[in-house]
Amino acid sequence: RDNASTLHAIDEWPAGFPASIHDNADPAGACRMLTGAVRVFLHKHRIPARRVSIALDSSMVFLTTLPAARGLDQAAMNERLAWEFSQFFPAIPAAEFVTDVHVMANSSAQDYDQVMAAGIRKPLARGIEHALERTGLRLEVIDVDQFSADVALRENYPDAYARFIALAGIKERRLDLSLLRNGVLESYRYHTLAARTDAVQVLGTLSREAS
């Protein structure tokens, strides 16, 4: 995209990255493949890009929501996240993850916020960054496909800021669902699916709950 948010070209590659955050496979080979694919893409479409953002499949990222005391400083938040990650990944040190947090719509209580935490394995983040550096590109943001779609929605549909919207990401075995009220992320959850057709039933249930 250019500064006017005009889409000039799009492509996808079977890069072979770890399919899940639980996958300990070395991403080095996939990152080398990414370097070659990006070079071909830039040359083919004559794109003079210098900066790039990457959106990962949500299954490659650890996503969770949790309550956190309001007003926590960065050190206290990092400690809270380290504890949370250790509950899900007891065999992996918390320092092995790159993490970020997003405060969602305030709860009715006055002493805590509902926070969404995201984390990816550091070898994957470094591998993607180095792969792009080899093509002359600077990595701006590593995002999650579900939330990059959120950004695209807000950019292309300004009235989204005045609505209650459910954003659903339907995949082969997973359904991601974000609820936005007046442009603010209010909740996020995901469901594993036995089959893609189960998404219709899950969405119907969630729709009734939200109405």
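Structure values in brief
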quantity: Distance between modelled label sites at Ala28 and Ser148, nm, 7 Å Cα→Cβ extension; calculated: 2.6
quantity: Computed E for Gln74/Asp111 - FRET, C-beta separation, R0 30 angstrom, nearest 0.05; calculated: 0.95
quantity: Peptides 49-59, 173-183, 114-124, 188-198 ordered by average Cβ neighbours within 10 Å, highest first; calculated: 114-124, 173-183, 49-59, 188-198
quantity: Heavy-atom accessible area per residue - the stretch 44-115, 1.4 Å, Å²; calculated: 62
quantity: Zone residues, the stretch 168-211, relative to Tyr161, backbone N less than 18 Å from point 7 Å out along Cα-to-Cβ; calculated: 180-186
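The values are calculated or read from the model by the stated rules, or taken from the named source; none is laboratory data. Just so it is clear, the structure is predicted and the values come from calculations on it, not from any experiment. Positions of Cβ are backbone-derived with ideal geometry, glycine not excepted, and every protein chain shown enters the neighbour counts. Keep in mind that these areas ignore ligands, DNA and RNA; they rest on the heavy atoms of the full protein, side chains included. Shrake-Rupley method; radii C 1.70, N 1.55, O 1.52, S 1.80 Å.
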